[in-house]
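Reading through the C-alpha cells given below for one structure.
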C-alpha cells in the first residue's frame, strides 16, 4: 500500500462518516483502550491520529462509542485474559447498537492462535489486525464499513513514516526510534509479534524531535524494545549514544528519557553520554531479570550477574546520583530458591529506586514454555513477597535520602489541589498547587517521603 492509497481510503472513510454525521446530527465517536508497554501507548496515539483524519471524535465511555478499539499486550497471560473479558462485555453493548464497530489490534492479535480465537468465538468483533498492519487502518476500516469483517495479520518488518499522531499530552511525548527485537529471550513473545529490529532514520527522528520541542514538549521519551541497538541496521552510520547527543543539541528546555535498555548492549559510551548531556535524564531502566547465572543462561540474556553488577558500578561512578530501576522475573522454569537468593543479592547490592516485578508467565510459542517448571505458584508467590519486602525497605531508604533537597520537577497532573510531578531521576513528587503549573518545570523543597513518593513545598518560580 502506498501513501496515495492510504490518503484515498482516509477520505473514503471520512466521507462515510460525514454522511452518518448528517443523518445522526453528530460525529462518530471512537473509544481506544491500550494495554501494555509505552510502545503500545505510542501506537495508540498514531491510531488516534488516523481516526481523527477519518472524521472520528473521541470518548472515554465505551457505551457511547461508534468504534471501540482495544490495543493489546501479549507479554503476560493476565493481560490477555483481561482483554478477552473486556471484549466479551462488549457483546451486550453491540446488541443494543448493531452499527458499533469493534476492533482488536496489537501484540495479542499477531499470535495465530489468538486471532483464530477471535474469529471463531467472537463473531461480533469486526476488525482484527496485527502490529505490522497499523498503516493500513484506513483501508481496513473502509472494508469493514462497506463489506464486513476484516482480519489482517500479515505485513513486513518495515518502518512506515508519516502516520499522523494525536498525542495524549501537550508537554510529554513518546518518540519511537526503532521497532522490533532480535534478542529472543526464551520467555518473551515480543520478537515473534513485533518482528526484527528496524531503526528509523536519524533524519526522521530529528525532524520529529525538533517539532515536538517547537510545539512545547518538555519531556521526550525515546522508545524501542532495545534502544541500545539503535542504528545497527543502518550500516554503522550512527549508534544510540550519538543519537542522544544529536537530540540533546536541540535548543530548548526539555528532558530526554529512553527505554528499554538491554544490559548486553549497555556501553561505556552510553554512560559517558548520559553524564555529559545535560538534557538526558539521570535515570536508567536496565532490566536484569535474574541474579542467577544459570537462570540467565536459560533465559538467553547473554550476560552474567558479574557483568551486570560491573555495569551498575560504572554508571554510578560516571553519573553520580543516578536513579536505577529494573525488571525481575520470579519463578522462571527450573529456578530454585538458591537461584532466587542470587536475585535478592543483586537487589541488595544495587539498591534500585524501584523494581517492576513479575511472576513468570508462560507464553506459548516461546522456548521457555516447553521447559519443566516444578515449583508451585504458591511457592513463587512467597518468593515474590520476600523480594518486595527487600525492595520496599531499599526504596524507602533511598527516598528518605532526598528529604531536605530542592528538586527540579516537571508538573504532570493535578488532583484536588495536589500537583503530581517527576524529578529528573523519574521520582514522583507531590505538592500543593493548581493547573497553572502543568507542563512547567518548578523547584520543590522535599519535606518528607515514603517508599513510593516524595512530598514537598513549591519554591518561588
I need the full set of residues from region 311-341 which are surrounded by 19 or more Cβ atoms within 10 Å (Cβ to Cβ) and either assigned by TED's automatic domain parsing to the domain that holds residue 191 or part of a helix (DSSP H, G or I) (or both), in order please. 311, 312, 315, 339, 340
Conditions: (1) buried (at least 16 other Cβ atoms within 10 Å of the Cβ); (2) modelled with pLDDT under 95. Residue 187 meets all but one. Number of the miss? (2)
Neighbours by Cβ (under 9 Å, 6+ apart or cross-chain): first from region 195-207, touching a residue at least 60 places away in the same chain (Cβ under 8 Å); second surrounded by 15 or more Cβ atoms within 10 Å (Cβ to Cβ) and assigned to a helix (DSSP H, G or I): 195/110
If you check residue 256 against the conditions, is it over 23 Å from residue 182 (Cα atoms), part of a helix (DSSP H, G or I) and touching a strand residue (DSSP E or B) at 6+ places or on another chain (Cβ under 7 Å)? no
Any hit, region 75-94, residues being at pLDDT 95 or above and either within 16 Å of residue 142 (Cβ to Cβ) or exposed (fewer than 15 other Cβ atoms within 10 Å of the Cβ) (or both): no
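Each row is one residue, and each column tells you yes or no for (1) in the same structural domain as residue 325 (by TED's automatic domain parsing); (2) within 22 Å of the chain's Cα centre (by Cα); (3) at pLDDT 95 or above.
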| position | (1), (2), (3) |
| --- | --- |
| 214 | no, no, yes |
| 223 | no, yes, yes |
| 232 | no, yes, no |
| 243 | no, yes, yes |
| 254 | no, yes, yes |
| 258 | no, yes, yes |
| 270 | no, yes, yes |
| 273 | no, no, yes |
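Please count how many residues of region 362-401 are assigned to a loop (DSSP other than H, G, I, E, B) and surrounded by fewer than 18 Cβ atoms within 10 Å (Cβ to Cβ). First the steps, then the outcome.
From region 362-401, those assigned to a loop (DSSP other than H, G, I, E, B) are 362-366, 371-376, 401; that's our starting set.
Then keep just the ones that are surrounded by fewer than 18 Cβ atoms within 10 Å (Cβ to Cβ); that gives 362, 364-365, 371-374, 376, 401.
Residues flagged as assigned to a loop (DSSP other than H, G, I, E, B) and surrounded by fewer than 18 Cβ atoms within 10 Å (Cβ to Cβ) within region 362-401 amount to 9.
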Just a yes or no: is a residue in region 174-181 in a loop (DSSP other than H, G, I, E, B), buried (at least 20 other Cβ atoms within 10 Å of the Cβ), modelled with pLDDT of 95 or more and out of contact with any helix residue (DSSP H, G or I) (no Cβ under 9 Å at 6 or more places or on another chain)? no
Any idea which of (1) farther than 30 Å from residue 213 by Cα; (2) in a loop (DSSP other than H, G, I, E, B) is the one residue 82 doesn't satisfy? (2)
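The values are calculated or read from the model by the stated rules, or taken from the named source; none is laboratory data. Model, not experiment: these values are computed from the prediction. Don't worry about glycine lacking a Cβ; one is built from the backbone with ideal geometry, like all the others, and counts go over all protein chains shown.
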